1. Let's test the formula: R0 of 22 Å, r as the Cβ-Cβ distance of residue 116 and residue 32. What FRET efficiency results, to the nearest 0.05?
2. Cα-based Rg (one decimal) and Dmax (whole number) for the stretch 51-101, in Å?
3. In whole Å, what is the distance between the alpha-carbon centres of the stretch 86-112 and the stretch 60-84?
4. For the stretch 3-141, what is the convex hull volume of its Cα atoms per residue in Å³?
5. What ³J(HN,Hα) values, in whole Hz, does the Karplus curve 6.51 cos²θ - 1.76 cosθ + 1.60 give for the stretch 61-67 when θ = phi - 60°, with x put for Gly and Pro?
6. Under 9 Å from the Cβ of residue 47, count the other residues' Cβ atoms, weight Lys and Arg +1, Asp and Glu -1, and hand me the total.
7. Note down the net charge around residue 121, summing +1 for each Lys or Arg and -1 for each Asp or Glu among other residues with Cβ under 15 Å from its Cβ.
8. Treating the angle as unsigned and between 0 and 90°, give the value, to the nearest 10°, between the Cα long axis of helix 86-95 and the longest Cα principal axis of the chain.
Amino acid sequence: MKAVLDHIGIAVDDLDAALAFYTDALGLEVDATEDVPSQGVRAHFVRVGAAALELLEATTDESPIRRFVTRRGAGIHHITLRVDDIAAALARLKARGVRLIDETPRDGAEGALVAFVHPSSAHGVLVELKQERSAQAAHHAR
Ligand code: ZN
């Protein structure tokens, strides 16, 4: 199985301060912003080479990001690994007794399929698997 780092999700408490650090101090640029109302989250993507940093800002009090920041403070929330075949990756993990939050893939941003692995099975890290829409199309065309 091949997996590529897609992005690192970072829960922020103070977006302006976070942007001041990543854009002003480090000189990086936000190249996309996406609202995910169902999750109460606004995501700001900062490109770093082939991967990205995803600055996650809570937009509602019920947001999982708000809960995360309240409980643990701002910081790394998840890492996302891109795979060619998410169904095969999940089957492989399940066969090895890995605890999954999503047993089957669900719809993510930009038509991607995503599934989360429980941090208790990933050494304390929330791991998101992602299969891009183009990879799905290529897969189905085979
Ligand atoms: Zn993410």
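1. Taking R0 as 22 Å, the efficiency between residue 116 and residue 32 is 0.55.
2. Calculated on Cα positions, Rg and Dmax stand at 14.7, 37 Å.
3. Centre-to-centre (Cα) distance: 18 Å.
4. 115
5. Couplings: 5, 8, 4, x, 5, 4, 4 Hz.
6. Summing Lys/Arg as +1 and Asp/Glu as -1 gives -2.
7. In short, +1.
8. So the helix axis and the longest Cα principal axis differ by about 80 degrees.
The values are calculated or read from the model by the stated rules, or taken from the named source; none is laboratory data. Since we're looking at a predicted model, the values are computed, not measured. Every residue, glycine as well, gets a Cβ built from its backbone with ideal geometry; the counts of neighbours run over all protein chains shown. For the accessible areas, the whole protein counts, side chains as well, though only heavy atoms, and no ligand, DNA or RNA atoms are used. Shrake-Rupley method; radii C 1.70, N 1.55, O 1.52, S 1.80 Å.
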